[in-house]
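Encoded as C-alpha cells, the structure appears first; notes follow it.
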Amino acid sequence: MSKKIFFITSNNHKVRELQDVMALRKKGMQIEQINDDIVEIKSSDVKKIVLHKAKQSYEKFKISLFCEDTGIFIEELNGFPGTSAKFVFKKIGLEGILTLMRGAKSRKAYMQTAICYIDKDAKEHVFDGIMKCAIAEEIKGNLGFGYDPILIPESFEKTIGEDSSKLPVISARAKAFEKFLEHISF
C-alpha cells in the first residue's frame, strides 16, 4: 500500500512532472493533488513565496502537505520575469520574452524551484533546486508546458519543448523534489 503526500496546486502539469520523478525513484508513495488556488505574496524570493503558500494551506487543511513555486531568472533581463513568471507568461507569452531578448548578448538563465513541506508537527521544511539554461532564439517543440519551448538546459542542444525526456532528472522542480523525498519519512 502506498503512502499519500498531499500537493497543493491547481497545476496538473506540475503534478505529472513530480509523478514522473517518483516513478524514477520507485518510491512507495502517491501524490494526491489538492486543487486549490492559493494567494501568493509578492516577493523576489521563491522560498519566501512557497513558505507563505504552505503555511496558508496548512492552516486551511490541517494536514501534512507541500507547495511549490518556480521562477525563471534571465540574466540579460536583470532576473526578469523572476517569481512573476506565471503572470508574465499569461500577459506576453513566449513571443513576448523572445522579443525582449532580441539582440541580447547573453541568453543565460536559470529556473529555481522551492518546495515547502509542512509535516504532521506543523514544522516547515524548504527545499530548492536550480536548473541552469539558455533562452532559445525561437520557440521550438510543444512538449512540457510554460517556458519549456524556449528553455535549453545547460549542456543540451534542444529545448525542453523538443525533448522533455530528461525533465524528471534535470528540472529545478525535480531537483527540489529529490531533496524533499530524501527528507521525508512515513
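Below, the figures for the structure above:
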quantity: Close pairs from the range 51-65: first within 16 Å of Asp121 (Cβ to Cβ), partner buried (at least 17 other Cβ atoms within 10 Å of the Cβ) and hydroxyl-bearing (Ser, Thr, Tyr), Cβ under 8 Å, at least 6 apart; calculated: Ala54/Tyr117; Ser64/Tyr117; Leu65/Ser57; Leu65/Tyr58; Leu65/Tyr117
quantity: Residue in the range 57-80 that is in contact with an Asp or Glu (Cβ under 7 Å, 6 or more places away or on another chain) and either part of a strand (DSSP E or B) or of a type outside the set (Gly, Ala, Ser) (or both) present; calculated: no
quantity: Residue in the range 36-46 that is of a type in the set (A, V, I, L, M) and in a helix (DSSP H, G or I) present; calculated: yes
quantity: Close pairs (6 angstrom Cβ cut-off, 6 or more residues apart or separate chains): within 18 Å of Phe145 (Cα to Cα) and among the polar types (S, T, N, Q) in the range 159-186, at pLDDT 90 or above and in a helix (DSSP H, G or I) anywhere; calculated: Thr159/Pro149
quantity: Members of the range 44-69 found to be surrounded by fewer than 23 Cβ atoms within 10 Å (Cβ to Cβ) and touching a Gly at 6+ places or on another chain (Cβ under 8 Å), listed by number; calculated: Ser44
quantity: Flag if Ile97 is in contact with a helix residue (DSSP H, G or I) (Cβ under 7 Å, 6 or more places away or on another chain) and under 21 Å from Ile139 (Cα atoms); calculated: yes
quantity: Test: residue in the range 96-104 that is touching a residue at least 40 places away in the same chain (Cβ under 8 Å), touching a strand residue (DSSP E or B) at 6+ places or on another chain (Cβ under 9 Å), closer than 24 Å to Phe145 by Cα and surrounded by 18 or more Cβ atoms within 10 Å (Cβ to Cβ); calculated: yes
quantity: Candidate set: the range 115-146, residues that are out of contact with any helix residue (DSSP H, G or I) (no Cβ under 7 Å at 6 or more places or on another chain) and not charged (D, E, K, R); chosen: the one surrounded by the fewest Cβ atoms within 10 Å (Cβ to Cβ); calculated: Leu143
quantity: The one condition in (1) at pLDDT 95 or above; (2) under 27 Å from Arg107 (Cβ atoms) that Asn11 fails to fulfil; calculated: (1)
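The values are calculated or read from the model by the stated rules, or taken from the named source; none is laboratory data. Here the structure is a predicted model, which is why all the values come from computation and not from measurement. We place every Cβ from the backbone using ideal geometry, glycine too, and count neighbours over all the protein chains shown.
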